[in-house]
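The values are calculated or read from the model by the stated rules, or taken from the named source; none is laboratory data. Bear in mind the structure is a predicted one, so any value in this text is a computation, not a measurement. Please note: Cβ atoms are built from the backbone with ideal geometry, for glycine as well, and neighbour counts cover all protein chains shown. All accessible areas refer to the heavy atoms of the entire protein, side chains included, with ligands and DNA or RNA removed. Shrake-Rupley method; radii C 1.70, N 1.55, O 1.52, S 1.80 Å.
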Amino acid sequence: MKIRLTTLACAAVVAAVLPILPPDAAAQTAPEAKPRPKIGLVLSGGGARGAAHVGVLKVLEEMRIPIDYVAGTSMGSIVGGSYAAGMPVAEMEAQLARITTARLFTDTPPRRDIPVRRKQEDRQIFFGPEFGFNGWTFQLPKGAISGIALEAELRRLVRRKGPRDFDELPIPYRAVATDIETGLPHVFASGEVATAMRASMSIPGAVAPAEIGGRLYVDGGLVDNLPVDVARKMGAEVVIAVNLGSPLLTRAQITSLVGVTAQMINILTEQNVRASLASLRPEDILILPELGDFSAAEFDDLPKAVPIGEAAARKVAARLARYSVSPEEYAAWKAKREGADPPSGRLVTEIRVEGTHRVNPDVIVATMETQPGEPIDQDVLDRDLRRIYGRGDFEHVGYRVIDEQSKRILVVEAAEKSWGPSYMRFGLGLSTDFQGETYFNLLARYRSTWLNHLGGEFRADAQIGNQNLLSGELYQPLVPNAYFFVAPYASAQLYPVNLFSDGVKIAQYNVTSAGGGIDLGSQFTKYGELRLGAMAGQLRFNLDSGSLFFPRSATVQQGAFTGKLYVDQLDSLRFPRSGYAGTARLFASRSMLGADDQYTKWTVDAVGAASLGRHSLALGLRAGGRIGSDRIPFYDQFQWGGFLQMSGYRTGEILAQQLQFGRLVYTYKLADIPLLEGVYAGASFEVSNVTQPAIPGSPSGFLKSGSAFVALDSPIGPVYFAYGKAFDGAAPSSFYFFLGIP
């Protein structure tokens, strides 16, 4: 009884005293709630397969599971960095739908924005990359692409701009890359988020290494493709790891150097992933999207991988559910994650160019749309960077912004090509009409750039085959923006000229020419150029075989005033879908310059294209004639015929004093080819009005012709197989095969 009274008395005392204790003292008497464990999300690399990560994020959001840390490698670093920097998952999924292989891996700007001097190279038979040439040795780029376009896409995925400590992001973030010099992993914990993503996804051989702080970084999948250890070091108590897998190729799939290289990367990746998987603990959760044969290169089909990631996450939903929080708590966490940095609204006060030694910085600034006194428009600035890169002088172009108290400085970081400033490029052309006329040419071009601060350039061409050529030109701008330039040149050629009568080859002349001249010109930036000049030379021709319609042999002295206006805004020279281009030439042969024959010849070419979906139409016109009463001598008359130049007639069958020709070409895109222009089927209708034919029996009058063809873009140039039909008289027809622009 005494014990019971004592207990009751104590209870009464506690009850009496408790209300007057401090609030925190009262709380100390209640049991503590178990804190939520810190969750680290680990996203593996896997190229296009990484789109499945977005599906996992959708499920985590649906289940209200907040993430405390994010660590990723390669594509995992991209999805993870975008998530950590605040992009809503729904917006991330929408961005996937607009990404394509071309958007990620086409560094050069649209052809319309390329400097006109580089556009003119499209009219040659070049293929493959431009090699560096230094000390009689060839040098290659560090990757198939520089990564300019990839970086532009990555910047769109990052809502927090500017350099920062990655722990200051809404979710602390790490990206893993490989230091290519040491072979060790490097964990990015600060800097520009997009730059860290770019370094983590620099696929060896495909994307050039990212140079940051004097070090070169490539894809982190080589050393730590599933960085569980990184998330642990950040403070993660529970890891949610998403492993995309790197399935090994079968023996049948390993058919080339590319296949062997891909297999080596897959082997290295799988080895380090096994070590990461072994480190997982019982409380950790592993998500394995069943991607099957969905390729790491399928960047054109990224949305297809999202539901696969969702399905994989739902398989472990019961285990994920233990980390779910209340709707109120998750809403607060989400609002903090998705809150965007406020725009600065500051105007650019100065533009600087860093990294140039040969290239004149004034030339770079002159090509930019972004100017001082304006705010930074990310899309405009990205186009500027691609346009600068498209000049062909740099292996990489980036930027950074320096914000000071009274000014905002935009710094363009332009890394000149380490394999320059001299370059070699090669070309290959092949054509046949399956009637005995086959043409084959090999071309090599040497180009030495930035001979001085105004951008002087020397170019030399050597070609062997049906047409043998040696030529050289010194192009010297007179002002930094190249609005005015001077260009002395010289060339020597040896080529055949075939003559036809009634569709039958009756003679072949071998022509040798040598000469030189000088042009004064003006470039209209990306639109075109005008040249005015004078030339002198010698032309020799000899009958090789056949009948005599012209002298058996002759030597002709040439001297002329020349003019050329060139405009080019076509989106593609191979398979144009929009834009226009044209060339007007004037050749005024004059005895005062040493010419044997006095005459004035003009030629105009024009083409315009438009498209709707996969359908395209291109209208082409060509005309030429003489000015004045002097006839054009036989050795300089207009010669045409062949595929898309009156397709039913033999190549060069038509020879006349005047040229009037038009064509309408329809193409339909049958299939896409990643990073190339695709596969096409097409047809053409062509007309000519031929007056004063040079040879009896040569086609004359109003001629009609057409063609049907299939064509594809290939790494060594466009390939055509065509059938041409003339709708006149005996209605001749021809088959054609072309490698190169017809």
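Among the listed residues Y475, Y566, Y483, which satisfies the condition of being within 30 Å of P109 (Cβ to Cβ) and either open to solvent by 20 Å² or more (accessible area, probe 1.4 Å) or outside any strand (DSSP E or B) (or both)?
Working: Y475 fails: either open to solvent by 20 Å² or more (accessible area, probe 1.4 Å) or outside any strand (DSSP E or B) (or both); Y566 fails: either open to solvent by 20 Å² or more (accessible area, probe 1.4 Å) or outside any strand (DSSP E or B) (or both).
Among Y475, Y566, Y483, only Y483 is within 30 Å of P109 (Cβ to Cβ) and either open to solvent by 20 Å² or more (accessible area, probe 1.4 Å) or outside any strand (DSSP E or B) (or both).
Under 7 Å between Cβ atoms, which residue pairs at least 6 apart in sequence (or on different chains) link something in segment 298-320 that is of a type in the set (A, V, I, L, M, F, W, C) with a partner that is open to solvent by 60 Å² or more (accessible area, probe 1.4 Å)?
V306/E93; I308/E290; A312/L288; A312/E290
Any chance you could count how many residues in segment 111-147 are over 23 Å from D713 (Cα atoms), among the β-branched types (V, I, T) and crowded, with 18+ Cβ neighbours inside 10 Å?
0
This table checks each residue for (1) over 20 Å from A194 (Cα atoms); (2) without any contact (Cβ under 8 Å) to a residue 60 or more places away in the chain.
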position: G345; (1), (2): yes, yes
position: R352; (1), (2): yes, no
position: G355; (1), (2): yes, no
position: R358; (1), (2): yes, no
position: A366; (1), (2): yes, no
position: P372; (1), (2): yes, yes
position: I376; (1), (2): no, yes
position: D382; (1), (2): no, no
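Report yes if some residue within segment 665-686 is more than 18 Å from S501 (Cα to Cα), of a type in the set (D, E, K, R), open to solvent by less than 10 Å² (accessible area, probe 1.4 Å) and in contact (Cβ under 8 Å) with a residue 12 or more places away in the chain; otherwise report no.
In the first step, residues of segment 665-686 are kept if they are more than 18 Å from S501 (Cα to Cα); the result is 665-686.
Subset that is of a type in the set (D, E, K, R): 669, 672, 677, 686.
Of the ones still in play, those that are also open to solvent by less than 10 Å² (accessible area, probe 1.4 Å) are 686.
Next cut, in contact (Cβ under 8 Å) with a residue 12 or more places away in the chain only: 686.
Within segment 665-686 (the criterion being more than 18 Å from S501 (Cα to Cα), of a type in the set (D, E, K, R), open to solvent by less than 10 Å² (accessible area, probe 1.4 Å) and in contact (Cβ under 8 Å) with a residue 12 or more places away in the chain), the answer is yes, since at least one residue qualifies.
Can you give me the ranges of the strands (runs of 3 or more DSSP E) entirely in segment 638-742 with at least 3 residues that are of a type in the set (F, W, Y) and within 30 Å of F549 (Cβ to Cβ)? Step through it out loud before you land on a result.
On the way: elements: 638-640, 654-656, 659-671, 679-690, 701-714, 717-726, 733-739.
Passing ranges, in order: 733-739.
Going through G662, G628 one at a time, which residue ends up being surrounded by fewer than 17 Cβ atoms within 10 Å (Cβ to Cβ) and at pLDDT below 95? Walk me through it before giving the result.
Working: G662 fails: at pLDDT below 95.
After applying the criteria, what remains is G628.
Check K505, K526 and return the single one that is surrounded by 16 or more Cβ atoms within 10 Å (Cβ to Cβ), at pLDDT below 95 and part of a loop (DSSP other than H, G, I, E, B).
Details: K505 fails: part of a loop (DSSP other than H, G, I, E, B).
Checking each option against the conditions leaves just K526.
For every residue, the table says whether it meets (1) modelled with pLDDT under 95; (2) under 27 Å from T600 (Cβ atoms).
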| site | (1), (2) |
| --- | --- |
| L474 | no, no |
| A482 | yes, no |
| P488 | no, yes |
| A514 | no, yes |
| G537 | no, yes |
| F550 | yes, yes |
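Determine which single condition W450 fails, assuming it passes every other condition in (1) more than 19 Å from Q508 (Cα to Cα); (2) part of a strand (DSSP E or B).
Here W450 meets the rest and fails (2).
Please indicate, with yes or no, whether at least one residue in segment 225-238 is more than 30 Å from K336 (Cα to Cα) and open to solvent by 10 Å² or more (accessible area, probe 1.4 Å). Steps first, answer last, please.
From segment 225-238, those more than 30 Å from K336 (Cα to Cα) are none; that's our starting set.
Within segment 225-238, none of the residues are more than 30 Å from K336 (Cα to Cα) and open to solvent by 10 Å² or more (accessible area, probe 1.4 Å).
What's the total number of residues in segment 309-336 that are out of contact with any Lys or Arg (no Cβ under 9 Å at 6 or more places or on another chain) and not in a helix (DSSP H, G or I)?
Number satisfying all stated conditions: 1.
Among the listed residues G537, G559, G608, which satisfies the condition of being touching a Pro at 6+ places or on another chain (Cβ under 9 Å) and open to solvent by less than 40 Å² (accessible area, probe 1.4 Å)?
Working: G537 fails: touching a Pro at 6+ places or on another chain (Cβ under 9 Å); G559 fails: touching a Pro at 6+ places or on another chain (Cβ under 9 Å).
Among G537, G559, G608, only G608 is touching a Pro at 6+ places or on another chain (Cβ under 9 Å) and open to solvent by less than 40 Å² (accessible area, probe 1.4 Å).
What are the residues in segment 322-331 that are loosely packed, with under 13 Cβ neighbours inside 10 Å and of a type in the set (G, A, S), if any? Steps first, please.
Taking segment 322-331 first, the residues loosely packed, with under 13 Cβ neighbours inside 10 Å are 322, 326-328, 331.
Passing the criteria: S326, A331.
Report yes if F458 is in a strand (DSSP E or B) and open to solvent by 30 Å² or more (accessible area, probe 1.4 Å), otherwise no.
On the way: in a strand (DSSP E or B): yes; open to solvent by 30 Å² or more (accessible area, probe 1.4 Å): yes.
The answer is yes for F458.
Quickly run through segment 81-108 and pick out the residues that are under 27 Å from A206 (Cβ atoms) and either more than 25 Å from the chain's Cα centre (by Cα) or free of Cβ contacts under 8 Å to residues at least 40 places away in the same chain (or both). Spell out how you get there, then give the answer.
Residues of segment 81-108 that are under 27 Å from A206 (Cβ atoms), as a first pass: 81-85, 87, 92-108.
Correct list: Y83, A84, A85, M87, A94, R98.
Out of N510, N498, report the one residue that is of a type outside the set (S, T, Y), in contact (Cβ under 8 Å) with a residue 40 or more places away in the chain and either in contact with a strand residue (DSSP E or B) (Cβ under 6 Å, 6 or more places away or on another chain) or not in a strand (DSSP E or B) (or both).
Values: N510 fails: in contact (Cβ under 8 Å) with a residue 40 or more places away in the chain.
Every option except N498 fails the conditions.
Look through L443, L410, L430 and report the one residue that is assigned to a strand (DSSP E or B) and open to solvent by 40 Å² or more (accessible area, probe 1.4 Å). Talk me through it step by step, then tell me what you get.
Details: L443 fails: open to solvent by 40 Å² or more (accessible area, probe 1.4 Å); L410 fails: open to solvent by 40 Å² or more (accessible area, probe 1.4 Å).
One residue alone meets the criteria, L430.
Given the conditions (1) out of contact with any Gly (no Cβ under 8 Å at 6 or more places or on another chain); (2) open to solvent by less than 40 Å² (accessible area, probe 1.4 Å), and given that E151 satisfies all but one, which numbered condition is not satisfied?
That leaves (1) as the condition not met.
In segment 184-207, which residues are open to solvent by 50 Å² or more (accessible area, probe 1.4 Å), closer than 15 Å to G162 by Cα and over 19 Å from the mean Cα position of the chain (by Cα)?
If the condition is that a residue be open to solvent by 50 Å² or more (accessible area, probe 1.4 Å), closer than 15 Å to G162 by Cα and over 19 Å from the mean Cα position of the chain (by Cα), then S190, E192 are the ones that fit.
Residues to consider are Q463, Q493, Q435; find the one that is surrounded by fewer than 19 Cβ atoms within 10 Å (Cβ to Cβ) and either part of a strand (DSSP E or B) or not polar (S, T, N, Q) (or both). Step through it out loud before you land on a result.
Details: Q463 fails: surrounded by fewer than 19 Cβ atoms within 10 Å (Cβ to Cβ); Q435 fails: either part of a strand (DSSP E or B) or not polar (S, T, N, Q) (or both).
Result of the check over Q463, Q493, Q435: Q493.
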